[in-house]
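Encoded as structure tokens, the structure appears first; notes follow it.
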Amino acid sequence: MNDIRLLNPTHLLHHAIGQPLIKGIRKLVSNNLCPLCGLPTIDAVDWKISKKFSDLDSFAEKENIKFLCPACYYSLLHIRELHKAYILTYTEGLKVLQFDDQPSKKIGIGQKKVVSRYYLRDFLLKPPVDDPWIMMLQTKMNPQHSIMKAKVNFGYADTLWVCNGGKNYAIPKKGLEELFNALEKVKKSDLLYPYLFNDNRPWKGHKEIKLWEDVEPIIAKHKYKHYLSFIYDRIIPPKKYMLKDTNN
Ligand SMILES: [Zn+2]
């Protein structure tokens with residue numbers, strides 16, 4: 001990577017997808033800052049905030065917006081197609097994820113990648129190092145301006161950023177594999193889920209007490225962290241999927 005603009009999500013998208021031609025690009029007289037991403041640009045596409053637009057917070061500038069840089073314009077234009085789970089990297093482009101237990105989905109831009117439910121965890125355990133990347137998941141019904149708010153990962157870092165709609169989760173790299181393993185055990189269990197999120201422990205006669213004692217020291221390191229329920233719900237495969245997998 002030799003262009004630090006790629007650390008900006010809309011620019012990463014626009015480049016990764018091959019900088020498709022955009023109608024209406026004009027040259028500015030001199031470099032100007034794009035009101036959305038805040039980066040200097042000589043190319044501009046005319047754009048005005050519509051009355052329905054409700055997400056001005058994602059803009060670097062809030063007033064007098066007359067144009068956008070091509071990358072931001074392209075991203076705004078494709079908000080609907082980007083309302084999907086995907087991995088975006090500079091070298092491999094936009095991979096829209098379809099889990100192998102889901103029905104076939106139509107995609108608008110990028111390529112479809114059919115993956116197992118373990119793909120997200122495996123990706124996070126071995127993330128790219130010299131390729132900028134975004135992992136995007138979605139939970140909301142309606143499209144959000146999630147690409148603009150996503151954090152781009154690059155290089156060796158202690159923290160992995162994963163975006164869920166417009167919300168970014170900072171996940172520590174240290175101890176992540178043992179955390180995933182522990183959460184998988186809890187998710188496969190019958191009754192341990194509530195103990196992840198409160199101070200109680202299962203009583204000593206609890207039928208899964210041994211399992212809990214196994215995972216408790218690991219869970220303790222992450223208790224009350226903002227990412228714990230997110231990882232449990234979204235990164236760890238669904239219980240049914242994991243149990244089916246073990247029976248095969
Ligand atoms: Zn921009």
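Of all residues in the stretch 135-167, which are open to solvent by less than 30 Å² (accessible area, probe 1.4 Å) and more than 13 Å from the chain's Cα centre (by Cα)?
Listed by number, the list holds a single entry, 155.
For the stretch 85-97, state whether one or more residues are open to solvent by less than 60 Å² (accessible area, probe 1.4 Å) and not in a strand (DSSP E or B).
Looking through the stretch 85-97, at least one residue is open to solvent by less than 60 Å² (accessible area, probe 1.4 Å) and not in a strand (DSSP E or B).
State the number of residues belonging to the stretch 8-50 that are more than 13 Å from the ligand (Cβ to nearest atom) and either open to solvent by less than 80 Å² (accessible area, probe 1.4 Å) or assigned to a helix (DSSP H, G or I) (or both).
So the count comes out to 8.
Looking at the stretch 79-89, can you tell me whether even one residue there is in contact (Cβ under 8 Å) with a residue 24 or more places away in the chain, of a type in the set (Asp, Glu) and within 11 Å of the ligand (Cβ to nearest atom)?
No, every residue in the stretch 79-89 fails to be in contact (Cβ under 8 Å) with a residue 24 or more places away in the chain, of a type in the set (Asp, Glu) and within 11 Å of the ligand (Cβ to nearest atom).
Return the only residue of 70, 128 being under 29 Å from residue 2 (Cβ atoms), within 16 Å of the ligand (Cβ to nearest atom) and either open to solvent by less than 60 Å² (accessible area, probe 1.4 Å) or more than 17 Å from the chain's Cα centre (by Cα) (or both).
Exactly one residue qualifies, and that residue is 70.
The values are calculated or read from the model by the stated rules, or taken from the named source; none is laboratory data. These figures come from a predicted structure and were not determined experimentally. Cβ sites come from the backbone with ideal geometry, for glycine too, and all protein chains shown count toward neighbours. Protein only, heavy atoms only, side chains kept; ligands, DNA and RNA dropped before computing areas. Shrake-Rupley method; radii C 1.70, N 1.55, O 1.52, S 1.80 Å.
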